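Nothing in this text is a laboratory measurement; each read-out follows from the coordinates by a stated rule. Every value quoted in this text rests on a predicted model; they were computed, and no experiment measured them. Counting neighbours? That spans all protein chains shown, and the Cβs are built from the backbone with ideal geometry, glycine included.
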Amino acid sequence: MSDADLTESLRAHVEQAFIERTPLNIHGARSRAFYGHATDAADLDISAHQGVINYEPSELVLQARAGTRLVDIEQLLEDNRQMLGFEPLRFSSDSTLGGAIASGLSGPRRPFAGAVRDAVLGAGVINGKGEALRFGGQVMKNVAGYDLSRLMAGALGTLGVLTDISMKVVPRPESEYTLRQSASQQQALERFAGWMGRPLPLSGACWHDGHLYLRLAGSEASVRQAQQALGDAKLREQPDFWLSLREHSHAFFTRSMPLWRLSVPPATPPLALDGDWLIEWGGAQRWLHSDATAERIRGIAAEVGGHATLFRGADDNCEAFHPLPAPLLALHQRLKKSFDPAGILNPGRMYRDL
């Protein structure tokens, strides 16, 4: 089936659902089904909508259909010494590009190479009325107007069905090494704050269980210069450690208890919450296993200018995402109404009122 036929099939499906007011559960490999709330709706599977449409290594641009597997895209990029700078969380070998964009989840490199939305140049989208739309462009210099394609990053399919995405890619660094030091959480946050403000070739900054990890990436010369600037600390090749963070295969993430994701200003001191912590992004992203109530966790996060997401373990008694202030909720509702007037696309996946 051609790309046009695949898109038309999806479009017609959504249009019929709009006419009949049938809610749709948009999914590909279901590798992120745990994230947010379950949607009681008819399945709309986009996994067959796959394949790379265009790839220009010299232009650092790739366009692929939403159902394309991330592992296939990353292998193609690896063959050309390139990569997706935001290091998408995969969770499964069948994880799709559309799922990566819709979830908006970035890996350890995010503070240094940008978020998912920063990589999106354009997208094909089917709105809630079954209209095929296109936003953005396919080149990095396209900056005319507000790029609505980036609204799709992190929207969890509540604004539209992604059909294809154009993205910028980045060169793969010549070398990567990891510095590991013993440190308390407070010491690690202080060191991260100092290092993040210096011209170091950083691509990862994490703390867990009494140790900090700093990933340096670039040319051999720049990494060695950074090594000297950091006190001639011993560097190691530890790709498996960073992969385990990205894939959530690290032992910290394999527990059955609820997992919280707190987003706070990176220099924020340790938060007064008991539990097991893993800190990423130089302090900006903090993972927590805790018995504390949602109200307490979210209250403390809000006090420092952050927010807290119940990343795994959401149920009917607790919103997965941090409650929105009334003005921001009203804005989200207007966006939802504009893109999906009948409210059929992944209803309730993010917030019950959306």
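Tabulated results
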| quantity | calculated |
| --- | --- |
| Likely footprinting exposure, Val170, Val120, fewest C-beta neighbours within 10 Å first | Val170, Val120 |
| Whichever aspartates and glutamates have a C-alpha closer than 18 Å to that of Lys337, once near sequence neighbours (fewer than 8 apart) are set aside | Glu15, Glu20, Glu131, Asp353 |
| Folded to 0 to 90 degrees: helix 3-20 orientation relative to the chain principal axis, Cα | 70 |
| Relative contact order (percent, whole number), the chain, Cα cutoff 8 Å, 6+ residue spacing | 19 |
| Charge-dipole axis of the chain as Lys and Arg at +1 and Asp and Glu at -1 on Cβ define it, positive-most pick from Ser203, Asn54, Pro171 | Ser203 |
| Cα lying deepest toward the dipole's positive end in the chain, options Ala183, Leu162, Leu105, charges on Cβ | Ala183 |
| Stokes-Einstein translational diffusion, the chain - Kirkwood Rh over all Cα pairs, 1.002 mPa s, 20 °C, in µm²/s | 101 |
| Order of Met167, Met257, Met196 under a 10 Å beta carbon neighbour criterion, fewest first | Met257, Met196, Met167 |
| Residues Thr68, Thr268, Thr293, sorted so that the one with the fewest Cβ neighbours within 10 Å comes first | Thr293, Thr268, Thr68 |
| Among Pro327, Pro173, Pro239, residue whose mean-square fluctuation peaks in a GNM of the chain (springs only between Cα atoms under 10 Å) | Pro327 |
| Residue with peak Gaussian network fluctuation, the chain [Cα springs, cutoff 10 Å], from Ala342, Ala48, Ala119 | Ala48 |
| Estimated 222 nm signal from helices in the chain, with DSSP H stretches of n ≥ 4 weighted -39500 (n - 2.57), rounded to 500 | -8000 deg cm²/dmol |
| For Ala183, residues with placed amide H under 5 Å, excluding near neighbours | His211, Leu212 |
| Radius of gyration and maximum dimension Dmax of segment 175-312, Cα, Å | 15.4, 49 |
| GNM result for the chain, Cα springs below 10 Å: residue of Leu230, Leu262, Leu77 fluctuating most strongly | Leu230 |
| With Cα atoms, 0 to 90° folded angle of helix 70-79 axis to the chain main axis | 60 |
| Note, ³J(HN,Hα) from phi for segment 88-97, Karplus 6.51, -1.76, 1.60, rounded to Hz, x at Gly and Pro | x, 6, 9, 6, 6, 5, 9, 4, 9, 4 |
| Fully extended contour minus Cα-Cα distance, from Ser184 to Ser92, at 0.36 nm per residue | 29.8 nm |
| Label-point separation, Asp353 to Val52 (7 Å along Cα→Cβ), nm | 4.5 |
| Degrees between helix 185-196 axis and first principal axis of the chain (Cα, 0 to 90, nearest 10) | 80 |
| Over segment 175-312, relative contact order from alpha-carbon pairs under 8 Å, at least 6 apart, % | 26 |
